[in-house]
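Report on the structure given below.
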Amino acid sequence: MKFIGEIAGLATSFFFAMTAIIFTKTGRMVGSQVTNRLRLLFALIYLVVINLVLFREPLPFSAGSSRWIWLSLSGIIGLSLGDAFLFQALVSLGPRLGSLLLSLAPIFASIIAWVFFGETLTPLQITGIALALAGIGWVVMSHEEPADTPHGHTRRGVIFGVLAGLGQAVGFVLSKQGMTGDFSPFQANAIRMLAAAIFIWIGAVIQKQASGTITEVRKQPQVLWLLALGALIGPVLGVSASLLAVQHAEVGVASTLMALPPVIVLPISYFVFKEKVGWQAIGGTLLAIIGVAVLFLA
């Protein structure tokens, strides 16, 4: 199917935009770290069921060792470390600048894929990426954060934000290497999610935070429904779509199309939450759309 990678990249942004709204709410209820641990656990359960139904095995044990190595590293770096750095950046810098630094991921991904795996982009693709990223940056910078948004440790926050973008980029590139051929995104996602969940829960046990996770959920058991919904939309459908995108499109193009959640959230904020949208945000959205159109033309 033509443009399957690009369409999957756009679908990823839509899923991630929806899950960002859900996980923002759960993060305020039980904290970002608890949200992160439980979303991975729920996602792994979903993926085990999906793989049982589709492939008659809970995990892709029949996949070669090289796939397991590439995809496990991708899960640990992209889903565990990358997201952990992102959460720290959001705390230190606020959502506006944190999201802006995360949009560096397509640039990092393009450079890594070019240097290590010889993946090149055409001038038209580079133009489309530049336009889309400029539009995303314009939208993010036009958003005014509430006066009570926590800030502090700016230099450390910038470092965490850059590391978050780098972690996501490395995760994308490693995923592409682990999905050579015709490997199912659901199987690949299961390997990544298993590695990420094991890594992050071992860290929680070492830091003696595992019991605290259970305690927080007991205080607000209703959060489990939101976490279950968010895990299905984001880590399961969204991440699987992202793997399909990097499998069938250049990493730089796919990661750019996956960086559009700030643009997609804009009309949701306007029509659903009745938030005001300025002309800068509208201009940035149009510029991002032009960039996406150029990528499809390329």
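Nothing in this text is a laboratory measurement; each read-out follows from the coordinates by a stated rule. This one's a predicted model, so the numbers in the text were calculated from it and none came from an experiment. Heads up, the Cβs are rebuilt from the backbone with ideal geometry, glycines too, and the neighbour counts pull from every protein chain shown.
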* Where labels lie 7 Å past Cα in the beta-carbon direction, separation of residue 28 and residue 229 in nm -> 1.5
* Asked: Under 18 Å from the 7 Å Cα→Cβ point of residue 56, by amide nitrogen: which residues of segment 160-197?
  -> 184, 187
* Asked: Assigning unit charges at the beta carbon (Lys, Arg +1; Asp, Glu -1) and nothing else, what dipole magnitude in debye, to the nearest 20, does segment 1-87 show about its Cα centre?
  -> 160
* To do: Considering only 101, 79, 121, give the residue with the highest GNM mean-square fluctuation for the chain, with springs between Cα atoms whenever their separation is below 10 Å.
  => 121
* Volume per residue that the Cα convex hull of the chain spans, once the total is divided by residue count, Å³ -> 139
* Let me have the relative contact order for the chain, percent, based on Cα pairs under 8 Å that are six or more residues apart. => 41
* Asked: How about residue 176: which lysines have a C-alpha closer than 20 Å to its C-alpha, ignoring those fewer than 8 places off in the same chain?
  -> 2
* Report the relative contact order of segment 148-298, percent, no decimals, based on alpha-carbon pairs under 8 angstrom and at least 6 residues apart. => 27
* Grab the DSSP H runs of the chain that are 4 residues or longer, score each as -39,500 (n - 2.57), total them, divide by all residues and round the 222 nm result to the nearest 500 deg cm²/dmol. => -25000 deg cm²/dmol
* **Kirkwood hydrodynamic radius of segment 223-298, Cα pairs, Å** => 14.4
* Asked: Once fully extended, how much extra length lies between residue 3 and residue 282, figured as 0.36 nm per residue of separation less the alpha-carbon to alpha-carbon distance?
  -> 97.8 nm
* **Residues listed by number, segment 16-44, amide nitrogen under 15 Å from residue 210 label point at 7 Å toward C-beta** => 37-38, 41
* Structure fact -> Exposed GluC sites (Glu not before Pro) being those in a DSSP loop with at most 15 other Cβ atoms within 10 Å, the longest stretch of the chain free of them is 1-143
* **Potential lengthening between residue 180 and residue 272 on full extension [0.36 nm per residue; Cα-Cα distance subtracted]** => 29.1 nm
* Alpha-carbon centroid distance for the pair segment 157-226 / segment 242-298, whole angstrom -> 24
* Treating cross-link reach as a plain straight distance, find the lysines whose alpha-carbon is under 23 Å from the alpha-carbon of residue 219, omitting any fewer than eight places away in the same chain. => 25, 208
* Just in segment 26-74: which trypsin sites (Lys or Arg not before Pro) are loop by DSSP and have at most 10 other Cβ atoms within 10 Å? -> 56
* Structure fact -> Given the candidates 292, 211, 256, the one whose Cα lies deepest towards the positive end of the charge dipole of segment 178-298, counting +1 at each Lys or Arg C-beta and -1 at each Asp or Glu C-beta, is 211
* Translational diffusion coefficient, Stokes-Einstein: compute it for segment 176-251 using the Kirkwood radius over C-alpha pairs as Rh, at 4 °C and 1.567 mPa s, and state it as an integer in µm² s⁻¹. => 90
* Protection proxy ranking of 253-261, 202-210, 44-52 - average other beta-carbon atoms within 10 Å, highest first -> 253-261, 44-52, 202-210
* If you stretched the chain out fully between residue 156 and residue 116, how much longer would it get, using 0.36 nm times the residue separation minus the C-alpha to C-alpha distance? -> 11.5 nm
* So how strong a dipole does segment 104-255 carry about its Cα centre when Lys and Arg Cβ are +1 and Asp and Glu Cβ are -1, to the nearest 20 debye? -> 480
